[in-house]
Amino acid sequence: MGVAILTKGLVGIALPGLVLVIYTLIARDFGLWKRLHLASGIALMLIVTVPWFWLVSERNPEFLHFFFIHEHWQRYTSTVHSRKGPLWYFVPLLVAGFIPWLGLLPRMWNVMRDDMAIARATGTRPFQPALLLAVWAIAIFVFFSLSGSKLPGYIVPVFPALGMLAGVALLRIQEQAWQRYLKAMLVVMALGLLASPVVATLHSNHTPNADYRVYAVWIAIAFAVMLAGVWLACRLLATRGLMASVAVYALTLFTGFTGALLGHESIGGPASGAGMVPAIKAVLKDDMPLYGVRMLDHTLPFYLGHPLVMVASADELDFGTQQEPRKWIPTLDAFAARWQAGPPALAVMSADTYLLLASRGVKMTVVADDARRMVVANFPARAATER
């Protein structure tokens, strides 16, 4: 939990704490808290976390307010981070992420219900792992669904619990029921394969259709692999039994989904700006300002190892610009004046911003560009072409 707090903040303690509290209230197993080694565990967690919090707060007095209030309380209770989403935001993500085993949900519920019935019949309060896993998945799903800030990755912590429950459900499934399940998944995979050309028709402002066409091929291959795997699992069920069938089904669907995720690099790679880095590095010097004009680019500063000075729109760095105003230019006019009179510099901006500045007579030399952004210089860079 200490390491989780360092990497993801207070959810590292809030999520397991929430799950355990709800579980003990439902199971009435309050003795669980006596078996958690709370004193030594809390001490170890503090040893892991407090030194870092102490040091960063000493060097950045504003950190505690930013971390605890802005990044936690305001992130959860408001839309200050502009990560809005409806209450059902995570439902399609849950369905898509768990689709290989989605049909097991009724059996997973029965696993939990049966274990609870056994516990009631014994008249004692034994530990109920299936109930804990169900609470784990449901509580975290509801917790993030109620949040004012939503991102797809928030739903990831529910999948280990669902996976373990699905494993128990598979232990109790009969061959006839598994055969029906495989036939249903054959239909699902066939529909996915037939629908894959739709991806090739997509287009957005930041992702050209050519990238989607490449990704459509990956999607088609992924569904073909999974369709073949489900068909093979059907055959193996008749010849090799349940275990071999489940193993092949799991392996081929894992392979197919992994291929689809790897293929997404055909979209994610160009979106990251990584392909622009060599051209930019050819002209960017360590002491040269790099401006983000009406754009917070999350990738280029990382790949370049270079800080970004925000212009006109601070975006998510609003708090940071308040602490370090020297890394912030509030207006385009102020930027244009510094750009034309200042030292050699580069700037990242959208094509629309480039056209706006060019219409105002601001001289810029294009160093590199892609569908999402342009990088320009205020000097005649050797690696660039003037536009």
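What follows draws every value from the coordinates through simple rules; no lab data is involved. Remember, predicted model here, so these are calculated numbers, not experimental data. Positions of Cβ are generated from backbone atoms using ideal geometry, with glycine treated the same way; all protein chains shown enter the neighbour counts.
Report Rg(Cα)/(2.2 N^0.38 Å) for the chain, keeping two decimals.
In units of the 2.2 N^0.38 Å rule of thumb, it is 1.26.
Starting from the Cα of T258, step 7 Å along the direction of its Cβ; do the same at Q340; then give the gap between the two resulting points in nm.
Simple spin-label model gives 5.7 nm for this pair.
Mind ordering 263-274, 322-333 by average Cβ neighbours within 10 Å, highest first?
So the peptides 263-274, 322-333, ranked by packing, come out 263-274, 322-333.
Pull up all non-local amide H partners of I329: gap of 5 or more, or a different chain, and H-to-H distance under 5 Å with H placed in the peptide plane.
Long-range HN contacts for I329: M310, V311, A312.
If we sort 20-29, 62-71 on the protection proxy, mean other Cβ atoms within 10 Å, highest first, what's the order?
The most tightly packed comes first, giving 20-29, 62-71.
With a ≥ b ≥ c taken as the square roots of the eigenvalues of the C-alpha gyration tensor of the range 138-235, please select rounded if a/c is under 1.5 and otherwise prolate if a/b is larger than b/c or oblate if it is not?
Cα axes put the range 138-235 in the oblate bin.
Once you have the Cα-Cα distance between V21 and A184, take 0.36 nm times their residue separation minus that, and quote the gain in nm to one decimal.
54.9 nm
For the ranges 303-310, 220-227, 283-290, 120-127, what's the packing order if you count other beta-carbon atoms within 10 Å of each residue, average per peptide, and put the highest first?
With the highest mean Cβ count within 10 Å placed first, the list reads 220-227, 303-310, 283-290, 120-127.
Quick check on my link table: of K8/K281; K84/K285; K327/K363, which ones sit more than 27 Å apart, alpha carbon to alpha carbon?
Working: K8/K281 32 Å; K84/K285 38 Å; K327/K363 22 Å.
Violating the 27 Å limit, Cα to Cα: K8/K281; K84/K285.
Given a Förster radius of 25 Å and the C-beta distance between A244 and W109 as r, what FRET efficiency does 1/(1 + (r/R0)^6) yield to the nearest 0.05?
0.40
Rounded to the nearest 0.05, what FRET efficiency is calculated for T77 and R235 with R0 set to 51 Å and r the Cβ-Cβ distance?
So the FRET efficiency works out to roughly 0.45.
Assuming 0.36 nm per residue, please report the length gained on full extension of the stretch L38 to Q176 beyond their Cα-Cα distance.
Values: separation 138, 0.36 × 138 = 49.68 nm, distance 4.65 nm.
Gain on stretching L38 to Q176: 45.0 nm.
Going from the alpha-carbon gyration tensor of the range 225-374, what semi-axes, largest first and in whole Å, does one get by taking the root of 5 times each eigenvalue?
50, 16, 13
Alpha carbon centre of the range 248-316 versus the range 173-199: separation in Å?
Cα centroid to Cα centroid, the span is 35 Å.
Taking the Cα centre as origin and putting +1 on Lys and Arg beta-carbons and -1 on Asp and Glu beta-carbons, what dipole magnitude results for the chain, to the nearest 20 debye? Walk me through the numbers before you get to the answer.
Working: 31 positive and 21 negative charges, 180 e Å.
For this selection, approximately 860 debye.
If r is the Cβ-Cβ distance from K363 to A282 and R0 is 25 Å, what FRET efficiency results, to the nearest 0.05?
Working: r = 20 Å, r/R0 = 0.79.
For K363 and A282, the calculated efficiency is 0.80.
In degrees, nearest 10, range 0 to 90: what is the angle between the Cα axis of helix 105-122 and the longest Cα principal axis of the chain?
Result, in degrees: 50.
If one takes the longest principal axis of the Cα atoms in the chain, at what angle in degrees, from 0 to 90 and to the nearest 10, does the Cα axis of helix 129-145 lie?
Computed tilt is about 30 degrees.
Loop-only check: which trypsin sites (Lys or Arg not before Pro) in the range 60-97 are DSSP coil with at most 12 other Cβ within 10 angstrom?
K84
How tilted is helix 11-27 with respect to the longest principal axis of the chain? Cα atoms for both, answer in degrees (0 to 90, nearest 10).
20 degrees
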